[in-house]
Amino acid sequence: MDAIRIESVEPEVDGGRFPAKRLAGGPMTVLADIYKDGHDVLRAQVVYRQVTPLAEQTEWRTVPMQEQSNDRWAAELTLPRPGRYAFTIEAWTDAWASFVTELDRKVKAGWDVRSELLEGAALLESCAGRAAKARADADARALREAARAVKDGAVPRALDPGLQELTARHPDRAAASRYERSPEVMAEPPRVEAGAWYELFPRSASRDPSRHGTFRDAEQRLPEIAAMGFDVVYLAPIHPIGRTARKGRNNAPAAQKEDVGSPWAIGAGEGGHTAVHPRLGTLEDFRHFVRRAEALGMDVALDLAFQCSPDHPYLREHPEWFAHRPDGTIKHAENPPKRYEDIVNFDWLGPHRQALWDELKRVVLFWIDQGVRIFRVDNPHTKPVPFWEWLLREVKDLHPSAVFLSEAFTRPKMMKQLAKVGFSQSYTYFTWRNFKDELRDYLEEITTAPAAEYFRGNLWPNTPDIFPTFLHGGGPPAFRIRLALAATLSSSYGIYSGYELCEGRPLGPGLEEYLDSEKYQLVARDPDRPGHIRDLVAALNRVRKEHPALREYRNLRFHHAQGDRVLFYGKRSRDGADQVLVAVSLDPFEPQEAVLEVPLEQLGLGPDERYQVHELLSDRRSLWKGRWATASLTPEHPAAIWHVLRFHKRENDFDYFA
């Protein structure tokens with residue numbers, strides 16, 4: 001049995017069943033409780049390596065751990081590149097350090113320590129042997145010389161701190177204890193933590209309601225999207241659309257001749273999941289779009305919807321991939337009372353599942369070959385979790401920088417399970433959290449451990465499917481409020497095209513669907529129409545780019561603001577150099593005068609210290625002192641973001657520094 005206990009290891013998700021998530025190139029802290037009986041001095045280290053099959057370096061590396069307090073140990077390491085890593089912890093007794101601790105106590109107590117010195121000499125001789133075996137000849141000679149001196153009664157030599165440093169280089173780990181598991185960590189590219197997404201239907205990009213848009217039309221919109229500061233352009237499905245049971249405007253069950261159908265009804269005579277809709281252009285046109293976006297500093301995300309229209313080539317070529325009723329028909333998709341006659345689903349766990357799964361993996365790899373590295377996955381909660389666990393592991397082992405966003409507005413445990421099996425980011429319940437307490441409670445849940453070990457929330461105020469009731473009657477102020485919250489509460493957020501125009505009419509009173517939804521028709525937009533909030537979108541994205549604190553996910557901290565209509569919170573960058581405070585009104589109708597309790601201790605400020613705050617949206621600077629401050633928020637300007645600076649006195653002058 002191992003005498004040394006290693007427990008409560010972090011990060012570890014579900015006892016090591018799933019990988020924790022970290023950023024490649026960023027810090028990773030490993031924690032553990034390490035202890036044993038008696039008073040021996042312990043040493044410990046983290047042992048880790050990359051286990052992705054195509055990894056360039058797979059040798060084990062070590063990082064020493066340091067005891068913090070109460071038997072809690074820590075080590076900080078860096079996972080240098082994207083991929084899967086495994087780690088474990090080794091702990092052992094430092095025999096020489098333990099000996100010296102006891103020897104020092106006995107000497108101070110006035111004991112005769114001649115016998116103890118003989119024991120110490122033997123320990124040094126053993127250590128010299130290990131040094132010689134490691135071909136550290138100079139260390140071996142020094143250790144043997146020290147052994148002779150200690151054997152001859154040289155107490156000061158035994159207590160020399162330099163000797164402890166020497167012995168520590170050649171520890172005896174023959175009886176080391178090792179943590180029984182090797183938890184995995186998925187190191188992902190920085191884009192998984194920070195990004196502003198803009199969702200676009202390329203077929204509406206012509207801005208002419210009578211003309212189907214093309215990739216070239218969509219390309220013309222890229223400079224405008226880049227000017228608003230977005231990092232990711234996310235495209236609704238770009239594949240051929242089925243004609244059988246095609247939906248008409250507003251989800252009408254019977255389509256008219258000119259109706260374009262839902263792009264999520266994938267597949268027709270022109271092809272399936274690896275084809276592009278011929279009215280959008282060619283595959284080369286798509287690749288050109290991707291290159292143009294990259295030239296403007298943006299990534300392209302593609303919708304990944306694993307479902308078929310009744311006209312998809314798969315139904316003809318592989319009928320065994322679909323479950324048939326006793327009468328030979330295939331059941332269409334349903335979510336009562338909604339019916340999706342234009343979509344049929346795969347038989348995910350049927351006898352031919354491996355061939356089906358291999359084909360869908362081929363689809364993902366095909367689009368990666370076209371330059372796509374980010375996928376927004378449609379309704380993953382309606383497909384088996386084992387499929388996603390297999391697919392995401394297979395793809396990420398080949399392409400560790402691939403990013404997958406889970407669009408699973410479903411039960412909390414299923415949302416989190418999908419994150420555990422490999423989805424890089426997740427849609428959240430933010431879309432329906434409107435009030436102070438529920439916003440605070442929910443964001444604290446998903447940005448702190450244990451959820452934040454594997455779950456990264458990407459906040460969306462709206463989607464093509466969801467037009468939340470908060471936006472129905474509040475006009476542009478409501479859109480401003482939800483935008484400001486999404487852009488500052490999380491490091492990743494997104495908006496659906498038209499949000500910057502405060503666009504949207506509900507299908508009916510209290511219904512969270514759009515009238516004249518773009519899912520079923522072309523939509524022409526005038527980017528300069530009155531009432532738009534493009535300037536605020538651009539300002540928020542600019543602030544996000546300029547302030548690292550807003551691009552980190554796990555640093556959100558809520559602070560006190562009097563009343564229930566102002567949310568007050570802050571973020572501090574990992575290196576402590578960037579600190580921001582944010583106040584957002586939750587009332588789209590009335591001005592709010594907020595009294596804020598500034599977290600002086602977290603900011604490193606004294607109770608009577610003066611400090612400067614720079615409000616980043618208005619570019620106004622103020623001097624604050626003490627714990628209390630006020631903010632005036634209005635429906636037209638519902639948010640304030642303060643960069644916190646301090647006074648530094650230099651030769652009777654003041655110099656501001658972050």
What single numbered condition from (1) outside any loop (DSSP other than H, G, I, E, B); (2) under 30 Å from residue 418 (Cβ atoms) fails to hold for residue 74?
(2)
Can you give me the number of residues within the stretch 552-603 that are under 14 Å from residue 633 (Cα atoms), open to solvent by 30 Å² or more (accessible area, probe 1.4 Å) and in a strand (DSSP E or B)?
3
If you check residue 485 against the conditions, is it crowded, with 19+ Cβ neighbours inside 10 Å, outside any loop (DSSP other than H, G, I, E, B) and touching a residue at least 60 places away in the same chain (Cβ under 8 Å)?
yes
Can you name the residue in the stretch 622-654 that is within 18 Å of residue 579 (Cβ to Cβ) and surrounded by fewer than 11 Cβ atoms within 10 Å (Cβ to Cβ) and is also modelled with the highest pLDDT among such residues?
623
Given (1) outside any loop (DSSP other than H, G, I, E, B); (2) within 27 Å of the chain's Cα centre (by Cα); (3) under 30 Å from residue 32 (Cβ atoms), where does residue 222 come up short, assuming only one miss?
(3)
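With 470, 435, 479 as the choices, which residue is over 21 Å from residue 198 (Cα atoms) and in contact (Cβ under 8 Å) with a residue 12 or more places away in the chain?
Checking each option against the conditions leaves just 435.
Among the candidates 58, 29, single out the residue that is part of a strand (DSSP E or B), of a type outside the set (A, V, I, L, M, F, W, C) and open to solvent by 20 Å² or more (accessible area, probe 1.4 Å). Even if it seems obvious, please write down each step before you answer.
Details: 58 fails: part of a strand (DSSP E or B).
The conditions single out 29.
Given the options 286, 306, name the one that is part of a loop (DSSP other than H, G, I, E, B) and either open to solvent by 30 Å² or more (accessible area, probe 1.4 Å) or of a type in the set (Phe, Trp, Tyr) (or both). Explain how you work it out, then say what you get.
Working: 286 fails: part of a loop (DSSP other than H, G, I, E, B).
Matching residue, one of 286, 306: 306.
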Failed condition for residue 540, given (1) under 22 Å from the mean Cα position of the chain (by Cα); (2) in a strand (DSSP E or B)
(2)
Return the residue satisfying two criteria in turn: it lies in the stretch 205-219 and is open to solvent by 10 Å² or more (accessible area, probe 1.4 Å) and assigned to a helix (DSSP H, G or I), and of such residues it is farthest from residue 498 (Cα to Cα).
216
Subset of the stretch 313-337 [under 14 Å from residue 245 (Cα atoms) and of a type outside the set (Val, Ile, Thr)]
331, 332, 333, 334
Given 263, 240, 253, which one is at pLDDT below 95 and either open to solvent by 50 Å² or more (accessible area, probe 1.4 Å) or out of contact with any Ser or Thr (no Cβ under 6 Å at 6 or more places or on another chain) (or both)?
253
Restricting attention to the stretch 462-473, does a residue exist that is open to solvent by less than 30 Å² (accessible area, probe 1.4 Å) and touching a Cys at 6+ places or on another chain (Cβ under 9 Å)?
yes
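Hey, could you check the stretch 289-303 for residues that are over 21 Å from the mean Cα position of the chain (by Cα) and either among the aliphatic types (A, V, I, L, M) or closer than 12 Å to residue 367 by Cα (or both) and say which is surrounded by the fewest Cβ atoms within 10 Å (Cβ to Cβ)? Let's see the steps before the verdict.
Our first condition is that a residue be over 21 Å from the mean Cα position of the chain (by Cα); within the stretch 289-303, this holds for 289-296.
Remaining after also requiring either among the aliphatic types (A, V, I, L, M) or closer than 12 Å to residue 367 by Cα (or both): 290, 293, 295-296.
On the way: 290: 22, 293: 23, 295: 10, 296: 15.
My answer is 295.
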For the stretch 46-96, how many residues are under 23 Å from residue 424 (Cα atoms) and of a type outside the set (Ser, Thr, Tyr)?
17
All-but-one check, residue 314 against (1) free of Cβ contacts under 8 Å to residues at least 40 places away in the same chain; (2) part of a helix (DSSP H, G or I), failing number (1)
Any residue in the stretch 32-54 that is on the phi > 0 side of the Ramachandran plot and surrounded by 13 or more Cβ atoms within 10 Å (Cβ to Cβ)?
no
Here is a check on your reading of the model: is residue 257 more than 28 Å from residue 459 (Cβ to Cβ), basic (Lys, Arg) and without any contact (Cβ under 8 Å) to a residue 40 or more places away in the chain?
yes
When the stretch 560-574 is examined, which residues are found to be within 27 Å of the chain's Cα centre (by Cα) and more than 13 Å from residue 548 (Cα to Cα)?
560, 566, 567, 568, 569
Hits in the stretch 604-617 (condition: in a loop (DSSP other than H, G, I, E, B) and either open to solvent by less than 50 Å² (accessible area, probe 1.4 Å) or under 14 Å from residue 581 (Cα atoms) (or both))
604, 605, 606, 609, 616, 617
If you go through the stretch 428-481, how many residues are under 20 Å from the mean Cα position of the chain (by Cα) and among the aromatic types (Phe, Trp, Tyr)?
6
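The values are calculated or read from the model by the stated rules, or taken from the named source; none is laboratory data. A quick note: this is a predicted structure, and the numbers were derived from the prediction, not measured. Cβ atoms come from the backbone with ideal geometry, glycine included; neighbour counts cover every protein chain shown. Surface accessibility is based on the protein's heavy atoms, side chains included, excluding ligands, DNA and RNA. Shrake-Rupley method; radii C 1.70, N 1.55, O 1.52, S 1.80 Å.
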